[in-house]
1. In what sequence do H39, H204, H136 fall when counting other Cβ within 10 Å, fewest first?
2. For the chain, what percent of Cα pairs sit more than 28 Å apart?
3. What does the charge count near P40 come to, summing +1 for each Lys or Arg and -1 for each Asp or Glu among other residues with Cβ under 11 Å from its Cβ?
4. For the range 41-262, what relative contact order do you get, as a whole percent, if you take Cα pairs closer than 8 Å and at least 6 residues apart?
5. Ranked by Cβ crowding within 10 angstrom, fewest neighbours first, how are M240, M209 ordered?
6. Over the range 162-222, what is the mean sequence separation of C-alpha contacts under 8 Å (at least six apart), divided by residue count, expressed as relative contact order in percent?
7. For a footprinting-style exposure proxy, rank Y207, Y227, Y152 by other Cβ within 10 Å, fewest first.
8. Could you tell me the extents of the range 50-140's C-alpha atoms along the three principal axes, largest first, rounded to whole Å?
Amino acid sequence: MVYLHAQIRQLSQGGLPSGRGSWLSRSNSFLRPSKSSRHPQKKSHNWCGAVNTSLDDGDSFQDVDATWTVPNPLPAQEADGTYKDGKYKCAAWVGIDGSGGSHDVLQCGTAQVVEAVDGQKKDPNVYFWYEWYPTHEIRVKNFDVNVGDLVYCWIEAESSTEGKATCYNVSTGNATRVAFDAPNGTELVGNSAEWIMEDPSHSHKRYPMPNFGTITFTDCYAETKNYAEKDLEDANVEVMVQSGVTICVATVIDNETLEVDYKAS
């Protein structure tokens, strides 16, 4: 089987694809159903998704990718059906590090933002971003992403201090790739790979989480520096809980498919 990220890598040698391609389609006949016992759960205040830390001695994660359909974010609703005023934000991403003792996160994905003013919902704002935590996200300008678009995101570690983020909007046929460096004093550890829906923060304060419904990450793969191919089979699941309230839950459907469902009302 040829993995999606390998196909993108081959295509990128001569430039990223300019239109929809049949290369996105592949047989899923090899997939094995997930067993919940394989995926221990833990609580997180800002992450919901899957984390793979299964590595051989001396190996490390080098790239992670997935596809998803950009969800429609909705503000919280009042009892009378109007929306609760505020700015809401959630971020879907793939990344390396940030779990199991590593404190950096090399990541890229889509941000979904929506505001409610005077009880009315404004149109959502969606964009592609990349980040090497502990620095902040960097928004990619002049690259259109909208609710309902199918996107493919791929994060790569070119070295311990050099990263590369790729987003291919399958729905529009447009793609972008950005190379960037780690912040001063930060190096990749490579001990974890993630597929996450996050409640991000701004100025040390978390945004209220919008109701994003359900987001399904497909084609969830990672590759290590020793060319081991990883997926969700050995991943742990993170459930987002804030102040005792379950915000969203994650379910591994099969070895390459992850579903994250909003649960708070």
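Any read-out appearing in this document is the output of simple, stated calculations on the displayed coordinates, not a laboratory observation. Everything numeric here is computed off the predicted structure, so don't read it as measured data. Please note: Cβ atoms are built from the backbone with ideal geometry, for glycine as well, and neighbour counts cover all protein chains shown.
1. Values: H39 19, H204 5, H136 13.
With the sparsest Cβ surroundings first, the list reads H204, H136, H39.
2. Working: 10690 of 34980 pairs.
Of all Cα-Cα pairs in the chain, 31 percent lie more than 28 Å apart.
3. 0
4. Working: 634 pairs, mean separation 71.2, N = 222.
Relative contact order, the range 41-262: 32 percent.
5. On the way: M240 27, M209 23.
Ordered from fewest to most neighbouring Cβ atoms within 10 Å, M240, M209 come out as M209, M240.
6. Working: 36 pairs, mean separation 12.9, N = 61.
After rounding, I find 21 percent.
7. Working: Y207 17, Y227 8, Y152 22.
In increasing order of surrounding Cβ atoms, one gets Y227, Y207, Y152.
8. Taking max minus min along each principal axis of the Cα atoms, the range 50-140 gives 57, 28, 25 Å.
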